[in-house]
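Please read the structure below before turning to the comments.
The values are calculated or read from the model by the stated rules, or taken from the named source; none is laboratory data. The shown structure was predicted, so the numbers you read here are calculated from the model rather than taken from an experiment. Every residue, glycine as well, gets a Cβ built from its backbone with ideal geometry; the counts of neighbours run over all protein chains shown. Just the protein is used for accessible areas: all its heavy atoms, side chains included, with ligands, DNA and RNA removed. Shrake-Rupley method; radii C 1.70, N 1.55, O 1.52, S 1.80 Å.
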Amino acid sequence: METQKKNTGLWWLGFFVSTAALLAAIYLHWEYLTMIIPFVCTSFVKAMDII
């Protein structure tokens, strides 16, 4: 059985961008900051190749 190398660079980029957006939303007291959390979590899990 062969293993395939998965390209996770785009997911890492999405993780860092969404984390920066989350930190900015916390700092700016944005009331919809909880809408960013699923993007942070999903992109981290995909970047780590867990799912």
Residues of the stretch 36-51 satisfying the condition of being exposed (fewer than 12 other Cβ atoms within 10 Å of the Cβ) and at negative phi: PRO38, ILE50, ILE51
Failed item, numbered, when LEU10 is tested on (1) assigned to a loop (DSSP other than H, G, I, E, B); (2) surrounded by 11 or more Cβ atoms within 10 Å (Cβ to Cβ); (3) of a type in the set (A, V, I, L, M): (1)
Within the stretch 14-35, take every residue that is open to solvent by 100 Å² or more (accessible area, probe 1.4 Å) and among the hydrophobic types (A, V, I, L, M, F, W, C) and give me the one that is nearest to the chain's Cα centre (by Cα). PHE16
Under 7 Å by Cβ, and 6 or more places apart or on different chains, what pairs join a residue from the stretch 38-51 that is within 18 Å of LYS5 (Cα to Cα) and free of Cβ contacts under 8 Å to residues at least 12 places away in the same chain with one that is in a helix (DSSP H, G or I) and of a type outside the set (Ser, Thr, Tyr)? ILE51/VAL45
